[in-house]
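Data first, discussion second: the structure below is written as structure tokens.
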């Protein structure tokens, strides 16, 4: 059931593994994805290291990585594909979310 919340591309899994191997604290278990209020369109994605599972977290284990989903974010993330894009000028995680109805011009926030 958990795998239906989000899926992780190979590029995203590779980058998470890279981040985890560079973490200075070896108690880090994975990354947590959350949706927070803010930005021009009203909501934005937030990612942080996680040392332990919080109550209610959903855990996505895919392609050798663990992504923890904040329980309050689940309804906003259903069906989302987490990817990692890199070009000449920038690199970032990208969330291809079918629930978005609007995205701000800079691409940092969205509306559902």
Of the listed residues (69, 74), the one being under 20 Å from residue 19 (Cβ atoms), at pLDDT 85 or above and within 16 Å of the chain's Cα centre (by Cα) is 69
Can you tell me how many residues within the stretch 64-105 are crowded, with 16+ Cβ neighbours inside 10 Å and at positive phi? 0
Restricting attention to the stretch 24-63, the residues that are more than 20 Å from residue 74 (Cα to Cα) and touching a helix residue (DSSP H, G or I) at 6+ places or on another chain (Cβ under 6 Å) number exactly 1
Cβ pairs under 8 Å, 6+ apart, first in the stretch 6-23 and within 22 Å of residue 74 (Cα to Cα), second assigned to a helix (DSSP H, G or I): 6/77; 8/16
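The values are calculated or read from the model by the stated rules, or taken from the named source; none is laboratory data. Predicted model only: the values in this text are computed from it and were never measured. Don't worry about glycine lacking a Cβ; one is built from the backbone with ideal geometry, like all the others, and counts go over all protein chains shown.
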